[in-house]
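The values are calculated or read from the model by the stated rules, or taken from the named source; none is laboratory data. Please read all numbers here as calculations on a predicted model, not as lab measurements. Because the Cβ atoms are built from the backbone with ideal geometry, glycine has one as well, and the counts that use them run over all protein chains shown. Ligands, DNA and RNA are stripped out before the accessible areas are found, and what is left, the full protein with its side chains, is counted by its heavy atoms. Shrake-Rupley method; radii C 1.70, N 1.55, O 1.52, S 1.80 Å.
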Amino acid sequence: MQEEKRIAVLSVIVEQRGAAEKINGYLSEFGEYVVGRMGIPYREKGVSVLSVVLDAPASAVNALTGKIGSLAGVSAKTLFSKF
């Protein structure tokens, strides 16, 4: 049985600019689930903030969040829809 898809928002704060290439690679790897993404460089604070909307099985969202969140200088959290 296929796992049910859910809508989720992945929020990412990047404090080390060098992580961007790996983040983009992970997002590409899970690209079939990405509905949209927005990245905002906050130059005054030296960070970037990303928001990624996903329509995916919870296991895929959790895997992506874990991969991105494990990068040095990167924080990642996910909010799931209730349906």
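Within the stretch 47-83, can you find the residues that are over 18 Å from Ser28 (Cβ atoms) and of a type in the set (A, V, I, L, M)?
Those that are over 18 Å from Ser28 (Cβ atoms) and of a type in the set (A, V, I, L, M): Val47, Val49, Ala58, Ala72, Leu79.
Take the residues of the stretch 50-64 that are over 16 Å from Met38 (Cα atoms) and not aliphatic (A, V, I, L, M): which is surrounded by the fewest Cβ atoms within 10 Å (Cβ to Cβ)? First the steps, then the outcome.
Taking the stretch 50-64 first, the residues over 16 Å from Met38 (Cα atoms) are 56-64.
If we keep only those that are not aliphatic (A, V, I, L, M) as well, we get 57, 59, 62.
Details: Pro57: 16, Ser59: 9, Asn62: 14.
The qualifying residue surrounded by the fewest Cβ atoms within 10 Å (Cβ to Cβ) is Ser59.
Of these, Lys67, Lys22, which one is in contact (Cβ under 8 Å) with a residue 12 or more places away in the chain and open to solvent by 90 Å² or more (accessible area, probe 1.4 Å)? Please lay out each step first, then the result.
Working: Lys67 fails: open to solvent by 90 Å² or more (accessible area, probe 1.4 Å).
Being in contact (Cβ under 8 Å) with a residue 12 or more places away in the chain and open to solvent by 90 Å² or more (accessible area, probe 1.4 Å) holds for just one of Lys67, Lys22, which is Lys22.
Among the residues of the stretch 38-80, how many are touching a strand residue (DSSP E or B) at 6+ places or on another chain (Cβ under 9 Å), over 19 Å from Gln16 (Cα atoms) and not aromatic (Phe, Trp, Tyr)?
Residues meeting the conditions: 11.
Residues of the stretch 33-83 being among the hydroxyl-bearing types (Ser, Thr, Tyr) and part of a strand (DSSP E or B), which ones?
We begin by selecting, within the stretch 33-83, every residue among the hydroxyl-bearing types (Ser, Thr, Tyr); these are 33, 42, 48, 51, 59, 65, 70, 75, 78, 81.
The answer is Tyr42, Ser48, Ser51, Ser75, Thr78.
Are any residues in the stretch 1-19 touching a Ser or Thr at 6+ places or on another chain (Cβ under 9 Å) and either in a strand (DSSP E or B) or open to solvent by 100 Å² or more (accessible area, probe 1.4 Å) (or both), and if so, which ones?
Arg6, Ile7, Ala8, Val9, Leu10, Ser11, Val12, Ile13, Val14, Glu15, Arg17
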